[in-house]
Amino acid sequence: MVVLSKPAAIEHYSFIRNCMPATLHSGIPLIDLSKPDSKHLIVKACEEFGFFKVINHGVPLEFITDLESQAVKFFSLPLSEKEKAGPPAPSGYCNKRIGLNGDVGWVEYLLFTTNSCSSSQRFTSVFGDSSEKFRSALNDYISAVRKMACEILELMADGLMIQTRSVFSKLLMDEQSDSVFRLNHYPPCPELQALKGRNMIGFGEHTDPQIISVLRSNNTSGLQISLRDGNWISVPPDQNSFFINVGDSLQVMTNGRFQSVRHRVLANSLKSRVSMIYFGGPPLSEKIAPLPSLMEGETSLYKEFTWFEYKRSAYNSKLADNRLEHFEKI
Ligand code: GA4
């Protein structure tokens, strides 16, 4: 990460924004996975927010702290070392650029496609002897988080009274599941203090294209979500919990009953933020369409498409675009 020497230089960055101040919201739905009523609360949270926080999740703390310390170690390497991981095409490292269409943010990150992360040779060149430790921390974490995501998706199917409770989870469990994992580092941005009331965008507003995203961060604030009325709220960080986002594909499968949540991350002037996100996606060939049992005489709001088609279109878009627009029936 480049450190800017003069506060004036920072003015040239296109990701400085005058974001309206967001309120800290205490009403973010909280789901306790150990409670019997969680399935109904999950459905309510997905309908009202497309977002919720999960406690009693069953992911071993050790998996979380191990991967976080591997990530911190990686991000503290000199830029030239980190760049040895190669660009994220599809797995690799990148600094500031997000996607291929000109988006930028005050962030550096590692991206992995989940079926290739255990085999990526490039990490050996960056980590040398400790690459095996990184790989195993990554695999342990992803397996545990995918298991929790599947449990949530099964409770969701139950709550929606769908007969086949694995209707969503089987897509993540499929060997061909096209899931993604990302480790983000938002370095502190001390120059922000000179910007008086303006914000530095860490990761610009967007919705996630997949089915479900599972986010865990350290205790640094920055995440904001957009409510249905368009107001932004700050999500208080909680390193012991996970945050779940409804993705665009789940919006389609529920024929719009659930809506994918728009979210963004603002940089912090003092503390660095590290987040790890699992994006659970279906196999490329999977048809993404509303589930017949959720239609109750309604017609589909969306044209027919496969995850491959949606992904191709999404990856050609800008971060803030409404990606589902092209797939809506007029
Ligand atoms: C948003 C969700 C995931 O982080 C991601 C992102 C992807 C990328 O970083 O390459 C995209 C973005 C995300 C959606 C639109 C395109 C593609 C950046 C971008 C501008 C890995 C994903 O699957 O879609």
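Considering only segment 305-320, how many residues are outside any helix (DSSP H, G or I), within 11 Å of the ligand (Cβ to nearest atom) and either among the hydrophobic types (A, V, I, L, M, F, W, C) or free of Cβ contacts under 8 Å to residues at least 40 places away in the same chain (or both)? Steps first, please.
Here is the first cut: in segment 305-320, the ones outside any helix (DSSP H, G or I) are 305-306, 316-320.
Remaining after also requiring within 11 Å of the ligand (Cβ to nearest atom): 316-320.
Pick out the ones that are also either among the hydrophobic types (A, V, I, L, M, F, W, C) or free of Cβ contacts under 8 Å to residues at least 40 places away in the same chain (or both) and you get 319-320.
The qualifying residues number 2.
Name, by its number, the condition in (1) more than 14 Å from the ligand (Cβ to nearest atom); (2) within 24 Å of the chain's Cα centre (by Cα) that does not hold for Glu298.
Evaluating Glu298 over (1) more than 14 Å from the ligand (Cβ to nearest atom); (2) within 24 Å of the chain's Cα centre (by Cα) leaves (2) as the failure.
So how many residues does segment 81-113 have that are of a type in the set (Gly, Ala, Ser) and either modelled with pLDDT of 95 or more or within 18 Å of Leu319 (Cα to Cα) (or both)? Walk me through it before giving the result.
To start, the set of residues in segment 81-113 that are of a type in the set (Gly, Ala, Ser) comprises 85-86, 89, 91-92, 99, 102, 105.
With either modelled with pLDDT of 95 or more or within 18 Å of Leu319 (Cα to Cα) (or both) added as a condition, the list becomes 89, 99, 102, 105.
Counting residues in segment 81-113 that are of a type in the set (Gly, Ala, Ser) and either modelled with pLDDT of 95 or more or within 18 Å of Leu319 (Cα to Cα) (or both) gives 4.
For Lys271, indicate whether it is more than 16 Å from the ligand (Cβ to nearest atom) and not aromatic (Phe, Trp, Tyr).
Numbers: more than 16 Å from the ligand (Cβ to nearest atom): yes; not aromatic (Phe, Trp, Tyr): yes.
Yes; evaluated as a whole, the condition is true for this residue.
Of the residues Met200, Met161, Met156, which single one is crowded, with 19+ Cβ neighbours inside 10 Å, within 26 Å of Glu296 (Cβ to Cβ) and not β-branched (Val, Ile, Thr)? Walk me through it before giving the result.
Numbers: Met200 fails: within 26 Å of Glu296 (Cβ to Cβ); Met161 fails: crowded, with 19+ Cβ neighbours inside 10 Å.
Only one candidate passes the filter, namely Met156.
Modelled with pLDDT of 95 or more, surrounded by fewer than 19 Cβ atoms within 10 Å (Cβ to Cβ), small (Gly, Ala, Ser) and touching a helix residue (DSSP H, G or I) at 6+ places or on another chain (Cβ under 8 Å): is that true of Ser285 in this structure? Give the derivation first.
On the way: modelled with pLDDT of 95 or more: yes; surrounded by fewer than 19 Cβ atoms within 10 Å (Cβ to Cβ): yes; small (Gly, Ala, Ser): yes; touching a helix residue (DSSP H, G or I) at 6+ places or on another chain (Cβ under 8 Å): yes.
When the stated conditions are applied, Ser285 passes them.
Any residue in segment 151-161 that is closer than 21 Å to Lys311 by Cβ, modelled with pLDDT of 90 or more and more than 16 Å from the ligand (Cβ to nearest atom)?
Yes.
What number of residues within segment 167-204 satisfy the criterion of being over 30 Å from Ser285 (Cβ atoms) and under 17 Å from the mean Cα position of the chain (by Cα)?
Residues of segment 167-204 that are over 30 Å from Ser285 (Cβ atoms), as a first pass: 185-202, 204.
When the remaining residues are screened for being under 17 Å from the mean Cα position of the chain (by Cα), the result is 185-186, 201-202, 204.
Of the residues in segment 167-204, 5 are over 30 Å from Ser285 (Cβ atoms) and under 17 Å from the mean Cα position of the chain (by Cα).
Within segment 195-211, take every residue that is within 13 Å of the ligand (Cβ to nearest atom) and of a type in the set (Gly, Ala, Ser) and give me the one that is farthest from Ser313 (Cα to Cα).
Top of the filtered list is Gly202.
Quick one: Ser317 ticks every box in (1) in contact with a strand residue (DSSP E or B) (Cβ under 6 Å, 6 or more places away or on another chain); (2) buried (at least 17 other Cβ atoms within 10 Å of the Cβ); (3) not hydrophobic (A, V, I, L, M, F, W, C) bar one, so which box is it?
Only one criterion is unmet by Ser317, namely (1).
Which ones in segment 30-75 are farther than 24 Å from Arg262 by Cα, surrounded by 12 or more Cβ atoms within 10 Å (Cβ to Cβ) and of a type in the set (Gly, Ala, Ser)?
Ser69, Ala71
Would you confirm whether any residue within segment 226-239 is within 16 Å of the ligand (Cβ to nearest atom), at pLDDT 95 or above and closer than 24 Å to Ile55 by Cβ? Full working, then the answer.
Quick first cut of segment 226-239, residues within 16 Å of the ligand (Cβ to nearest atom) only: 226.
From what's left, at pLDDT 95 or above: 226.
If we keep only those that are closer than 24 Å to Ile55 by Cβ too, we end up with 226.
Checked segment 226-239: at least one residue is within 16 Å of the ligand (Cβ to nearest atom), at pLDDT 95 or above and closer than 24 Å to Ile55 by Cβ.
Return the residues of segment 63-90 that are small (Gly, Ala, Ser), part of a loop (DSSP other than H, G, I, E, B) and over 17 Å from Ser275 (Cα atoms); say none if nothing qualifies.
From segment 63-90, those small (Gly, Ala, Ser) are 69, 71, 76, 80, 85-86, 89; that's our starting set.
Filter once more, so that each one left must be part of a loop (DSSP other than H, G, I, E, B): 76, 86, 89.
Scanning segment 63-90 gives Gly86, Ala89.
Can you find a residue in segment 70-87 that is within 12 Å of the ligand (Cβ to nearest atom) and either more than 30 Å from Leu33 (Cα to Cα) or not small (Gly, Ala, Ser) (or both)?
yes
Here's the yes/no breakdown for (1) farther than 17 Å from Phe279 by Cβ; (2) surrounded by fewer than 21 Cβ atoms within 10 Å (Cβ to Cβ); (3) within 14 Å of the ligand (Cβ to nearest atom):
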residue	(1), (2), (3)
Val107	no, no, yes
Phe112	no, no, yes
Phe134	yes, no, no
Asn139	no, yes, no
Val145	no, no, no
Ser169	no, no, no
Asp178	no, no, yes
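The values are calculated or read from the model by the stated rules, or taken from the named source; none is laboratory data. Since we're looking at a predicted model, the values are computed, not measured. As a convention, Cβ positions derive from the backbone with ideal geometry for all residues, glycine included, and neighbour counts pool all protein chains shown.
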